[in-house]
Amino acid sequence: MRWQNIYVSGTGAWLPPAVSARSAVDSGEYDPEQFEADGLLSVRVAPDDVAPPEMAVEAATTALKRSGASPEDVALLVHSYIYFQGIDGWPAASYVANHAVGPRVTALELKQECNAGLVGLELAAHRLASAEPGTSAVLTTADRFGAPLMRRWRQEQGIVYGDGAAALVLNNQGGFARLVSTATVSDNSLEAVVRGKGFEPLPNGEQQSLAERVGHYVQQHGTLREATERLIAVVGEAIDTALADAGTDRQGVAWTVIPATGRSKMEWQVQKMLGVSEERTTWEFARRAGHLGAADQFAGLNDLAETGSLRPGDKVLLVGSGSGFTCTCAVLEILAEPEWQAAGGPGAEVGP
């Protein structure tokens with residue numbers, strides 16, 4: 001879909017200190033062979049006394065300040081996540097909205113696994129398209145993948161989970177980047193890949209393992225080949241549609257913000273799916289942060305902004321994907337260098 005008068009006016013992130021991947025190998029948490037294959041340097045690990053909604057408030061506060069929007073300008077806050085938010089049966093989005101914006105803003109939660117951030121961006125753009133000029137929407141996403149129920153270093157082959165939050169402010173009047181296009185494509189039949197053995201009547205408190213769930217799917221179907229081919233088709237269609245609607249192609253993109261995975265998955269994404277060079281992606285940020293759930297795209301864009309990597313006229317492609325399976329892609333055109341680009345730097349620590 002092509003967009004008119006929808007802009008990114010601010011970004012922000014809250015990232016705790018990094019823990020080296022080598023130290024996780026030395027402690028026995030990270031398989032040595034997987035470490036070599038992944039090529040990751042570190043992941044962000046939050047302290048036990050910080051909950052994801054608190055992280056989201058910090059990221060949103062930063063993004064709002066940078067955007068220049070006042071709380072009265074914000075009509076919508078969408079908070080997304082994939083894991084526990086500190087309290088069960090509780091509206092985390094309302095907490096984030098109240099503490100980052102104010103008590104009257106509409107607050108919604110969105111879950112579509114690791115694609116929720118970009119899905120939220122697309123939905124917020126629809127809301128702003130019919131709003132009064134000068135209206136903003138705040139998008140936040142935050143997660144903490146703590147033990148013992150989550151084994152961040154062994155949860156999923158080729159992916160190591162990091163903690164943190166990221167935020168993005170959309171505006172329908174102006175910003176440093178223009179939202180040119182978005183595309184979302186789904187294949188809901190692929191939810192079976194990560195469903196596992198079946199439903200449980202109540203939460204059982206058992207340690208989660210996506211690898212075991214995928215293994216169960218392979219046992220039932222014999223292979224992942226067909227599912228992988230359908231997944232590739234979904235991602236390819238979303239990328240091609242977003243780029244076509246933006247009037248560009250893969251070679252016209254200056255930066256591609258990719259999901260944060262290990263090197264083998266990253267190379268497959270970059271070389272097979274995107275056809276761009278590694279240097280034109282956010283791999284260097286991703287290999288130091290880990291997979292931040294639904295925050296990879298906002299955090300990756302924020303890193304490009306903070307490190308002074310964006311230039312007027314650049315096209316930036318954001319690629320999101322989530323089990324289920326959905327893929328959302330967005331194309332931005334950079335209009336101006338963000339004024340806060342000197343506030344951070346490669347690998348900068350952001351947090352309490």
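The values are calculated or read from the model by the stated rules, or taken from the named source; none is laboratory data. Predicted, not measured: the structure shown is a model, and the values here were computed from it. Using ideal geometry, Cβ is built from the backbone for each residue, glycine included, and neighbour counts are taken over all protein chains shown. For accessibility, only protein heavy atoms count, side chains too; no ligands or nucleic acids. Shrake-Rupley method; radii C 1.70, N 1.55, O 1.52, S 1.80 Å.
Say whether the condition of being in contact with a His (Cβ under 6 Å, 6 or more places away or on another chain) and modelled with pLDDT of 95 or more is met by at least one residue in segment 138-145.
Yes, there is a match, as at least one residue in segment 138-145 is in contact with a His (Cβ under 6 Å, 6 or more places away or on another chain) and modelled with pLDDT of 95 or more.
Looking at the structure I just gave you, is VAL57 within 22 Å of the chain's Cα centre (by Cα), in contact (Cβ under 8 Å) with a residue 40 or more places away in the chain, surrounded by 22 or more Cβ atoms within 10 Å (Cβ to Cβ) and in a strand (DSSP E or B)?
Answer is no for this residue.
In segment 1-17, how many are farther than 19 Å from LEU139 by Cβ and open to solvent by 50 Å² or more (accessible area, probe 1.4 Å)?
Adding up the residues that qualify gives 3.
Exactly one of these conditions fails for VAL25: (1) touching a residue at least 40 places away in the same chain (Cβ under 8 Å); (2) of a type in the set (A, V, I, L, M); (3) crowded, with 17+ Cβ neighbours inside 10 Å; (4) farther than 30 Å from SER94 by Cβ. Give me its number.
Of (1) touching a residue at least 40 places away in the same chain (Cβ under 8 Å); (2) of a type in the set (A, V, I, L, M); (3) crowded, with 17+ Cβ neighbours inside 10 Å; (4) farther than 30 Å from SER94 by Cβ, only one is false for VAL25: (1).
Condition check: more than 13 Å from the chain's Cα centre (by Cα), open to solvent by 10 Å² or more (accessible area, probe 1.4 Å) and free of Cβ contacts under 8 Å to residues at least 24 places away in the same chain. Does THR241 satisfy that?
Values: more than 13 Å from the chain's Cα centre (by Cα): yes; open to solvent by 10 Å² or more (accessible area, probe 1.4 Å): yes; free of Cβ contacts under 8 Å to residues at least 24 places away in the same chain: no.
Considered against the rule, which asks whether it is more than 13 Å from the chain's Cα centre (by Cα), open to solvent by 10 Å² or more (accessible area, probe 1.4 Å) and free of Cβ contacts under 8 Å to residues at least 24 places away in the same chain, THR241 comes out as no.
Inspect all residues belonging to segment 161-174 and state whether any of them is of a type in the set (Asp, Glu), within 17 Å of GLY293 (Cβ to Cβ) and within 13 Å of the chain's Cα centre (by Cα).
Yes, that holds for at least one residue.
Any residue at all in segment 86-109 that's in contact with a strand residue (DSSP E or B) (Cβ under 9 Å, 6 or more places away or on another chain), in a loop (DSSP other than H, G, I, E, B) and within 15 Å of ALA294 (Cβ to Cβ)?
The answer is no, given that none of the residues of segment 86-109 is in contact with a strand residue (DSSP E or B) (Cβ under 9 Å, 6 or more places away or on another chain), in a loop (DSSP other than H, G, I, E, B) and within 15 Å of ALA294 (Cβ to Cβ).
Condition first: surrounded by 24 or more Cβ atoms within 10 Å (Cβ to Cβ) and of a type in the set (Gly, Ala, Ser). Now tell me which residues in segment 140-165 satisfy that.
ALA142, GLY162, GLY164, ALA165, listed by residue number.
If you go through segment 28-54 one residue at a time, how many are within 22 Å of GLU267 (Cα to Cα), open to solvent by 20 Å² or more (accessible area, probe 1.4 Å) and within 21 Å of the chain's Cα centre (by Cα)?
Of the residues in that region, 1 qualify.
Do we find a residue being open to solvent by less than 60 Å² (accessible area, probe 1.4 Å), among the hydroxyl-bearing types (Ser, Thr, Tyr) and either over 16 Å from SER323 (Cα atoms) or at pLDDT below 90 (or both) anywhere in segment 166-181?
Yes, that holds for at least one residue.
Quick test for you: out of GLY89, GLY68, pick the one residue that is at pLDDT below 95, on the phi > 0 side of the Ramachandran plot and not β-branched (Val, Ile, Thr). Write out each step before concluding.
Working: GLY68 fails: at pLDDT below 95.
The unique qualifying residue is GLY89.
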